[in-house]
Amino acid sequence: MSQTNISESTIMFTDIVGYSAMVGKDESDALSLLDEHNNIIFPIIEENEGQIIKLIGDAIFARFLSAYSSLNAATKIQNILSERNSVSKNNQEINIRIGLHSGKVIEKDNDLFGHDVNLCSRIESMSPSGGIAASAQLVNSITSNDFLYREMGFVKLKNIADPHQIYKVYLNSSEYEAETDKQLQQNLKDNGINIVDINSYSVEEIFSIAVLYITNLGSEPDESIAYSLTESLIDDLGYFNSLRIVSLQDIQRYKQTDLNKDDIGRKLSVNHILQGSILKEDQEINLSFELVDIDTGTQLWEQKWSDKVTHIKGIRKTILDAIISKFDIEFPKELLDYFSEEMSQSVEAIEEYNLGKYCMDFLEDNKDIEQSIVHFDKAINLDNNFVEAFYMLALSKKRLGYYDEAENALEKGENIAESKKNLHGLSYIYRGYKSLYTTLGKYDKAKDYIVKALNTHLKLSHYTFESFLRLEYAYCLNNLNQLELSLEQTNLAIKLLQKTENERWLGNSFGNLHSYYLGTGDYTKSIENAKKGLAIFNKHSIAHNAAIMMLWIGETYYRTGNYEDMLFNILEAEKILSGLNEHFREAKIEYFKSHYALHNNDRETFLTHIDISIEKYNLSQNTNFEFNALIDKLYILLDNNETSKIDLVISKLDALKKRTQDLRDNTQYGSMIYYYNALKGDVDRDSLDKWKDDLFNNKKAPQEYNIWIVFWFLARTYHILEETELSEKCHNKAKGLLELYSKKISGDKERKTFFDVYFNKKILEAIKTEEIKDESESEISLFPFCPSCGFKNENSFAFCPSCGNDLKQ
């Protein structure tokens, strides 16, 4: 029989920074580095009266006879690793975090348990890379002056109710002197460490739980049931707002692991673990579940039972009832209605639905999405009232670019959900519309459905979904230039995310703040917030979100003329997004590559990349971005007076204007057309003068981004017309607006490089006399047939009258 003993102890947790990413890139190399890590650390722990309790993947859990010996070991470890890393390549560095704490531990089965063990694990997780964080309990027990500390403050550690006073331990005097109290606080803030005012902080009772991936004991096809049940339970528990739930993405990392429940719980920063298994036999499922308290290592609940496959909601409610009874939480009345009716009465329909979701969420390429569509179609054919199947079918169709079919599936699902008064189903349908219209750049429509979804979720009260929707709402508002309302929604989401300690979505909130400051023109703060979000995504190995954030950072660097940093970020993002068939983001990458080429005066490479960008924006059906890329191409073609290509671009721009209301009064395009007509000697002077007067009288939205380019083209137009005074007036207006806009940027560095942006540099130059090329002087060879549509070119057209293709060879 095992014995339990409670004693005072000093404990240490270490963890390699970014080890999961190392394994993903080169597993053998990562394992070799882990061996070297162990060979360095083990002897230091042992020579300082330490005992290694166990290895937890790349982490070490150790105890020491005294606080002094633990500090001595920690500083020696970090100093040796620092010296080693100074002569290592970046990909061969070993950077670790160390957390130290003194408190009570429960000894059982050659292991240590207890609240203080879990507390030390949390302290390690917020320690700086290459650094040491220690609790006040440990620091206050040290009587010597052998170590240097600086108080971080009272830190709200994840899923620990009471904030704890934490200290940063410095490795030497030079490191200590290199950082002031103010700099330390700023670094903590930048890394998302939550420092609280202990005098005003209100402690709330916290129950944290991770639903481990449910084990499938049956055949391979039944894996989809295990996955669907895991996902549903995580979503369900989110409706109990006093619970802190770990996301499915974080859970999946521990689907196949040798770690025990307690160690997984510490890795996930929770105090409770729900673990279960299923075995499907014909139309029934045998279930076995248990709830464990990892603070004490004790089992709180266990149950084994059987139920029908179609009673999946009933199974979920059985588990939910067992969990909330242990925490004395009531079942929300609004949620009872949802659980009163099953998703479908057809076993086969539910099985097809689960298989479709499994294909969708574990996709490797488009074939997986196509297979998910097959399953969702079958589910709907078996049960044409299956709301959730219509929602998932729409998402699958959208991923493959079948936007009309996606919209049709959502309309059918919406009608069913409304007729059955299925609030939960409606909320999913509304989110489906939001996802579709956001992809299409129809932000007005997306906003309307987000509002509907929000109103539904406010009735159901799910903090995670609500914060997610508020962030999406803010994103749409940013794109609609409703910036102050966007900031308000982002801040509301941040409050919810901080309350639920959802770091994953907190990263997205920094993305929204990036977009807000991008819209207001403060590029310095835009970059600062994007980097905070990127740090969170990198910390949690959320590669896809990190890639998107790097594209946003690239956007800001592009706008500030920092082309080298722009290129670095977009190339890093490209590595992650490669092969995912995301046309919109691929288009952005090509767009930024084109401007890097333009910065280096490589016009041909610019045109190559901008054409690919335009094509991919077209594939993603994002008209606004396609229009803006064409505008940039038109700018360069006008600068080089390439009339044949100019006419084709103008015809495309005109077609896009007809398609989208928002583009019809685009002032930049209007100014370029006046300039082009002036080059050809065919400008309507009365119309031009009136248009210019309206702009100067602030009637043409002169606050829009790049408005200075509008006045720049007007200046060039009047220069061609030999109206020197008007040309100078417009040119001065362009330079004045450029200078005025630069003052919105709070950082000196970004404000300075802002004038290095290719188009901005052009405005600061003197206007040159420009003439249109007379292409009639050189013989032009024409295609006898259109290579695109086959039109017979008997009349020697330069452009195909059928499809608009350029017929010049």
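Here are some notes:
- Within the range 707-734, the set of residues being buried (at least 17 other Cβ atoms within 10 Å of the Cβ) and farther than 14 Å from LEU688 by Cβ comprises ILE707, TRP708, ILE709, TRP712, HIS731, LYS733, ALA734.
- Tally of residues being touching a Leu at 6+ places or on another chain (Cβ under 8 Å) and surrounded by fewer than 18 Cβ atoms within 10 Å (Cβ to Cβ) across the range 96-113: 1
- Leading residue by the ranking (nearest to SER746 (Cα to Cα)) among those in the range 548-579 that are assigned to a loop (DSSP other than H, G, I, E, B) and in contact with a helix residue (DSSP H, G or I) (Cβ under 8 Å, 6 or more places away or on another chain): THR560
- Helices (runs of 4 or more DSSP H) lying entirely in the range 669-748 (those with 1 or more residues that are more than 21 Å from LYS761 (Cα to Cα)): 685-696, 724-742
- Inter-residue pairs, beta-carbon under 7 Å, first among the polar types (S, T, N, Q) and in the range 338-352, second not in a helix (DSSP H, G or I), 6+ apart: SER344/ASP383; SER344/PHE386; SER346/ASP383
- When the range 135-151 is filtered for residues that are under 38 Å from the mean Cα position of the chain (by Cα) and not hydroxyl-bearing (Ser, Thr, Tyr), the ones remaining, listed by number, are ALA136, GLN137, LEU138, VAL139, LEU148, ARG150, GLU151.
- Assessment of the range 222-229 against the conditions (in a loop (DSSP other than H, G, I, E, B), touching a strand residue (DSSP E or B) at 6+ places or on another chain (Cβ under 7 Å) and over 19 Å from ILE294 (Cβ atoms)) yields no matching residue.
- Screening GLU503 against (1) under 14 Å from GLY192 (Cα atoms); (2) crowded, with 22+ Cβ neighbours inside 10 Å; (3) touching a Lys or Arg at 6+ places or on another chain (Cβ under 9 Å) leaves a single unmet condition, (2).
- Against the numbered list (1) free of Cβ contacts under 8 Å to residues at least 60 places away in the same chain; (2) more than 21 Å from VAL139 (Cα to Cα), ASP109 comes up short only at (1).
- Restricting the range 461-500 to residues that are under 12 Å from the mean Cα position of the chain (by Cα) and under 20 Å from HIS540 (Cα atoms), the residue that is surrounded by the fewest Cβ atoms within 10 Å (Cβ to Cβ): PHE468
- Inter-residue pairs, beta-carbon under 7 Å, first in the same structural domain as GLY153 (by TED's automatic domain parsing) and in the range 171-192, second in a helix (DSSP H, G or I) and among the basic types (Lys, Arg), 6+ apart: ASP190/LYS532; GLY192/LYS532
- Identity of the residue in the range 605-634, in contact (Cβ under 8 Å) with a residue 40 or more places away in the chain and in contact with a Phe, Trp or Tyr (Cβ under 7 Å, 6 or more places away or on another chain), that ends up nearest to GLY681 (Cα to Cα): ILE631
- Test for PHE584: is it more than 23 Å from THR438 (Cβ to Cβ), assigned to a helix (DSSP H, G or I) and more than 13 Å from the chain's Cα centre (by Cα): no
- Looking only at the range 20-77, and only at residues there that are part of a strand (DSSP E or B) and either of a type in the set (Phe, Trp, Tyr) or not assigned by TED's automatic domain parsing to the domain that holds PRO128 (or both), the one that is surrounded by the fewest Cβ atoms within 10 Å (Cβ to Cβ): PHE61
- On the stretch given as the range 536-546, residues that are assigned to a helix (DSSP H, G or I) and over 18 Å from LEU471 (Cβ atoms) total 3.
- Top-ranked residue in the range 180-209 [being surrounded by 12 or more Cβ atoms within 10 Å (Cβ to Cβ) and farther than 19 Å from GLU528 by Cβ; ranked as modelled with the lowest pLDDT]: ILE206
- Residue list for the range 124-169, restricted to those being of a type outside the set (Gly, Ala, Ser) and on the phi > 0 side of the Ramachandran plot: ASN159
- Note on the range 329-430: enclosed helices (runs of 4 or more DSSP H) holding 1 or more residues that are surrounded by 21 or more Cβ atoms within 10 Å (Cβ to Cβ) are 347-361, 366-382, 387-399, 403-419.
So that you can scan it fast, the table gives a plain yes or no per residue for (1) of a type in the set (A, V, I, L, M); (2) surrounded by fewer than 20 Cβ atoms within 10 Å (Cβ to Cβ); (3) closer than 27 Å to SER129 by Cα; (4) at pLDDT below 95:
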{"position": "ALA535", "(1), (2), (3), (4)": "yes, yes, yes, yes"}
{"position": "ALA543", "(1), (2), (3), (4)": "yes, yes, yes, yes"}
{"position": "ILE553", "(1), (2), (3), (4)": "yes, no, yes, no"}
{"position": "TYR557", "(1), (2), (3), (4)": "no, no, yes, no"}
{"position": "ILE570", "(1), (2), (3), (4)": "yes, no, yes, no"}
{"position": "LYS588", "(1), (2), (3), (4)": "no, no, no, no"}
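- Cβ-Cβ under 6 Å pairs, at least 6 apart or on other chains, the range 500-526 side farther than 13 Å from SER486 by Cα, far side of a type in the set (Asp, Glu) and part of a helix (DSSP H, G or I): TYR523/GLU750; THR524/GLU750
The values are calculated or read from the model by the stated rules, or taken from the named source; none is laboratory data. Model, not experiment: these values are computed from the prediction. Quick reminder, even Gly has a Cβ in these numbers, built from the backbone with ideal geometry, and neighbours come from all protein chains shown.
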